[in-house]
Amino acid sequence: MQIPDLNLLVALNVLLEEGSVVGAARRMNLSAPAMSRTLTRIREVLNDPILVRSGRGLVPTPRALELREQVRGVVELAHGVFTQSQNSDLRELERTFSIRANDVFFGVYGAALRQQMALDMPKATLRVVPEGFTDDEALNEGRIDLTICATNRFSSDIKVQRLFTCPFVGLAREGHPIFDEPITARRFAGFDHISVSRRGHARGPIDALLAELGLERRVSFTTPTFYSAIFALAGEDLILPLMPQVLLKNLEPLGLKLRPFELPITLQPVDIVQAWHPRLDNDHAHRWLRRTLKTFCDNAVI
């Protein structure tokens, strides 16, 4: 019985992740024609087109979708076998970590993480993946290595660890009229607000709390990121009512004259967690990543 070429599994895994012959060739340091020939061999071995043309790109066939998770598992297992003896020397590890998180987390901890990686894993690289509009199977499918977010809504097999609890404060420019008198719920609701929502939502928990008091606010600006909201405050009489307190220490270097204030309504803080697939639980480099992030969060002064 002829032993199959296991390199085809590696190539298949990369092709399915990239959805592109050119992209897969780049990752495997091959020419596009060489990658195309490899795809042809994979098609012959599996007796399936694997990737078919759709518009300007390639999409996986049903057979490829069936194989994707199995192929990824085999490749990761083989990687673990051959790198196990190198676990003690992370400095020689060439690897890209894909982390899904919002701009707040990497605004606070990104520089420290990159500096620590430069010391402990200088050949590794970091790729930040923006949060999506829907929960998907990115962790299960191996498209990302770690998710950092404010939710515990994961499938039961996903590993979850709390990083820290994030309280909120209000934020406005120095000299904003809200600071002229004590900040009551009524005065708080009387100024135009900014809503930060990657889904474009203008309403949320604040509106429900104000409604209980017979109050309603006006949201005149909605933006997907906290940093765009922060810069919008500088020259206008707007209020950012849900400013993560952990981000305050990053404002001073920006040179913006902004002032936080305590919210006049009781808003519960949220738990920020990191989540990963159990197949990475014992991966030495991934453990370093999780442990490093947890240490940064534990030592942070909020």
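Take the Cα of Arg53, step 7 Å toward its Cβ, do the same at Ala234, and the gap between the two points is 4.9 nm. Summarising the label geometry, the points placed 7 Å from Cα in the beta-carbon direction at Phe164 and Thr225 lie 2.0 nm from one another. Please report the spacing between the Cα centers of segment 245-269 and segment 5-47 in Å, no decimals. Value for the Cα centre distance between the two parts: 49 Å. Restriction of the GluC sites (Glu not before Pro) in segment 199-302 to DSSP coil positions whose beta-carbon has at most 14 other beta-carbons within 10 angstrom yields Glu216, Glu236, Glu262. Pairs of Cα atoms nearer than 8 Å and 6+ residues apart set the relative contact order; for segment 7-85 it is 30 percent. Take every Cα pair under 8 Å whose residues are at least 6 apart in sequence, average their separation, divide by the length of the chain, and the relative contact order is 20 percent. Within the listed set Gly200, Gly57, Gly23, the residue fluctuating most in the Gaussian network model of the chain (springs between alpha-carbon atoms under 10 angstrom) is Gly57. The simple spin-label model puts a point 7 Å past each Cα toward its Cβ; for Arg27 and Thr61 those points are separated by 2.0 nm.
Consider the candidate values (1) 42; (2) 47; (3) 32; state which one is percent of Cα pairs over 30 Å apart computed from the structure displayed. Among (1) 42; (2) 47; (3) 32, the one calculated here is (2).
Here, each number is a calculation from the coordinates, and none is a lab measurement. These numbers come from a predicted model, not from an experiment. Quick reminder, even Gly has a Cβ in these numbers, built from the backbone with ideal geometry, and neighbours come from all protein chains shown.
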